Amino acid sequence: MSVPQDSTVYMFPDKKKIKKPTKCERFLDCLRFRCGRTQDVEGKRKALIEKEGGYRINYTGLSEHKRKYFADMYITLIDIPWRYALAILFNVFLVTYLIFGVLWWLMAHNNGDFDNLDNPKHVPCLLGVKSFAGSLLFSIETQTTIGYGYAYPNAHCAGTLPLIYLQVTIGFFLESFLLGFIFVKIARPKNRAKTLMLSKNAVVCQEDGGLCLQVRVGDMRKSHLIEASVQGMLVRKHVTEEGVTYPLYQTAVDFEANGMRDRVFLLWPMTLSHRITPESPFWNIRPSDLCSEKYELIIFLVGTVEATGEVCEARTSYTPREILWGHRFERIEEYDLGNGRWHVDFSGFNDVVYCQNIRHSAEELDHFKESNTEGVYDKAVEKNEREVGGAIRYDLNGDAANGGAKGGRILENKMADTTM
C-alpha cells in the first residue's frame with residue numbers, strides 16, 4: 001500500500017499528536033523551576049535572613065501610619081520594586097502629556113481654531129494643529145523640547161506664554177526628579193553586595209587549643225571595599241530571671257580576621273573566626289542541639305565602596321543545620337611559581353574539610369581539660385583518634401544545607417589537626 005509523502009501516518013489515530021515545546025517555552029519552564037526551587041529552599045529554612053541577604057519579616061498593623069511613607073517620598077520610590085518604579089516613570093509622563101494636551105486643545109477650541117480651519121483670515125493660537133491628536137503631539141514636543149518645526153504657538157494669544165512656561169518648568173522638574181531617582185536606584189550601593197561572597201556554611205573547629213566558629217568572605221571585584229568590618233549576632237530565645245521571654249533576643253558575636261580584629265581587607269578570601277569563650281553565646285551549644293535548639297547566626301559585612309564612597313552592607317544567616325561541626329575551610333590560595341603571583345580558586349570557595357570529631361560544647365570541653373588529671377580529657381582524645389581515621393573534603397557548591405554536596409567529590413586526606 002503506497003502512502004503519499006506529504007501525509008502523516010499515526011500508530012494510534014484516536015490520540016492527539018503531541019506538540020513539542022519550543023525553546024522559549026523550555027526556557028520559561030526552567031526559569032519557573034529554578035525560581036520555585038529557590039523559594040522552596042528559603043521556605044524550608046525558616047530563617048529571619050535569606051542566604052542572599054534579604055529580610056523575611058512581615059510588618060502588620062501599619063495601616064494608620066502608611067501616610068508617613070509619603071512624607072519621605074524619595075526614599076519610598078527608591079525602595080519600591082522595579083516594576084512599580086518603571087510604571088510610575090511612564091505613567092507620570094503620560095499623564096502630564098495628556099493634561100497639557102487637553103489644555104492646549106481647550107485654548108485652540110476657545111479661539112475658534114478648529115471652526116476656522118479653511119478661513120485664511122483667522123489667526124490660530126496653535127499653527128499647524130487641527131485636532132486633539134495634534135494638540136497631544138504639540139504637548140509632547142513642548143515638554144521634551146523636540147520641536148519638529150510644523151506646529152508652533154502664536155504669541156498673540158493671551159494664554160500661550162504662561163502655558164508654555166508652566167509645562168516646560170513642570171517637565172524639567174519631573175525629568176530631574178524621576179530620572180534622578182531611577183539613576184540612584186540603579187547605582188545603589190546595595191547592588192555592590194551582590195559581588196561580595198559569604199560562605200554557604202559556617203564551620204566549628206579546634207584552633208589554638210579552643211573551639212572557633214569560622215565563616216569565609218570574599219570579593220569578586222578587584223576594586224575592594226575600604227575600611228570593611230564584620231559583625232555577627234546570634235538570634236535566640238532568652239528568658240530572664242523574672243520569667244520575661246524574648247523570642248528574638250540578639251547577642252553580639254565578635255569575629256576577627258587573623259590578627260586584624262574586626263577590620264577586613266578583602267584582597268583575597270578571608271576566613272573570619274569567632275573564638276568560643278565563656279562570654280560567647282556558643283559556649284554551651286553542642287552539635288547534638290541541631291534539632292532541638294532554634295537559633296540563627298547573622299553576619300554583617302560593612303564597607304565603603306571605593307568607586308563611589310558610599311557605604312555597602314552584605315549579610316547572610318546560618319541556621320543550626322548550616323553550621324558544620326568538626327570541619328574547616330579548604331585552602332583555595334596557592335603561589336603560582338610560573339607567573340610569580342598568588343592564585344585564588346573561587347570554585348572551591350565553599351569547600352570544607354572534615355578534620356575533627358566534636359561531640360561536646362566548648363563548656364564541656366573546658367571541663368574535660370580541667371579534669372585532665374583524672375585522664376578524662378586524654379581518653380576522649382584517644383577515643384576520637386580511633387574513630388576518625390582520615391579527613392574528608394566536601395564540595396558544598398550543591399546542597400550545602402545538608403553538610404555535603406549531592407554527588408560531590410570526597411577525597412581522603414591525612415589528619416592535619418588534633419582530633420576532639
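The values are calculated or read from the model by the stated rules, or taken from the named source; none is laboratory data. Computed from a predicted model, the values in this text were never measured in an experiment. Every residue, glycine among them, receives a Cβ derived from its backbone with ideal geometry; neighbour counts consider all protein chains shown. Side chains are part of the model used for accessible areas, which takes the heavy atoms of the whole protein and leaves out ligands, DNA and RNA. Shrake-Rupley method; radii C 1.70, N 1.55, O 1.52, S 1.80 Å.
Only residues that are open to solvent by 50 Å² or more (accessible area, probe 1.4 Å) and either over 23 Å from ASN350 (Cα atoms) or in contact with a helix residue (DSSP H, G or I) (Cβ under 7 Å, 6 or more places away or on another chain) (or both): list them for region 271-285, please.
PRO278, GLU279, ASN284
Report whether or not VAL239 is of a type in the set (Val, Ile, Thr) and within 26 Å of PRO189 (Cβ to Cβ).
No: the conditions fail for VAL239.
Considering only residues that are under 22 Å from the mean Cα position of the chain (by Cα) and open to solvent by 80 Å² or more (accessible area, probe 1.4 Å), look in region 75-101 and name the one that is modelled with the lowest pLDDT.
So the residue we want is ASP79.
Here's a check for you: in region 128-137, which residue that is open to solvent by 40 Å² or more (accessible area, probe 1.4 Å) and under 10 Å from ALA108 (Cβ atoms) is modelled with the highest pLDDT?
For region 128-137, the residue satisfying everything is PHE132.
Here's a check for you: in region 244-261, which residue that is over 23 Å from ARG331 (Cβ atoms) and touching a residue at least 12 places away in the same chain (Cβ under 8 Å) is surrounded by the most Cβ atoms within 10 Å (Cβ to Cβ)?
VAL253
Only one of ARG192, ARG188, ARG221 is out of contact with any Phe, Trp or Tyr (no Cβ under 7 Å at 6 or more places or on another chain), closer than 20 Å to GLY309 by Cβ and crowded, with 18+ Cβ neighbours inside 10 Å; which?
ARG192
Restricting region 138-165 to residues that are open to solvent by 80 Å² or more (accessible area, probe 1.4 Å) and part of a helix (DSSP H, G or I), which is farthest from ARG315 (Cα to Cα)?
Result: LEU161.
Can you tell me which residue within region 316-360, out of those that are without any contact (Cβ under 8 Å) to a residue 12 or more places away in the chain and outside any loop (DSSP other than H, G, I, E, B), is nearest to the chain's Cα centre (by Cα)?
Going through the qualifying residues, I end up with HIS343.
MET420 fails exactly one of the following numbered conditions: (1) within 20 Å of ARG275 (Cβ to Cβ); (2) surrounded by 13 or more Cβ atoms within 10 Å (Cβ to Cβ); (3) at pLDDT 50 or above. What is the number of that condition?
That leaves (3) as the condition not met.
Tally up the residues in region 227-238 that are open to solvent by 80 Å² or more (accessible area, probe 1.4 Å) and out of contact with any Phe, Trp or Tyr (no Cβ under 7 Å at 6 or more places or on another chain), please.
Counting residues in region 227-238 that are open to solvent by 80 Å² or more (accessible area, probe 1.4 Å) and out of contact with any Phe, Trp or Tyr (no Cβ under 7 Å at 6 or more places or on another chain) gives 1.
When you scan region 276-289, do you find a residue that is under 23 Å from the mean Cα position of the chain (by Cα) and small (Gly, Ala, Ser), even just one?
no
Does GLU207 qualify as being surrounded by fewer than 19 Cβ atoms within 10 Å (Cβ to Cβ) and touching a strand residue (DSSP E or B) at 6+ places or on another chain (Cβ under 9 Å)?
The answer is yes for GLU207.
Among the listed residues PHE70, PHE114, identify the single one that is modelled with pLDDT under 90, in a helix (DSSP H, G or I) and either of a type in the set (Phe, Trp, Tyr) or within 30 Å of PRO162 (Cβ to Cβ) (or both).
It is PHE70.
Counting only residues that are in contact (Cβ under 8 Å) with a residue 40 or more places away in the chain and outside any helix (DSSP H, G or I), how many does region 73-111 have?
Within region 73-111, residues that are in contact (Cβ under 8 Å) with a residue 40 or more places away in the chain and outside any helix (DSSP H, G or I) number 1.
Within region 247-286, which residues are more than 13 Å from GLU363 (Cβ to Cβ) and not in a strand (DSSP E or B)?
ASP254, PHE255, ASN258, GLY259, MET260, ARG261, ASP262, PHE265, LEU266, LEU267, TRP268, PRO269 - these are the residues of region 247-286 that are more than 13 Å from GLU363 (Cβ to Cβ) and not in a strand (DSSP E or B).
Applying the selection to region 117-127, what residues are part of a loop (DSSP other than H, G, I, E, B) and open to solvent by less than 50 Å² (accessible area, probe 1.4 Å)?
Result: HIS122, PRO124, CYS125.
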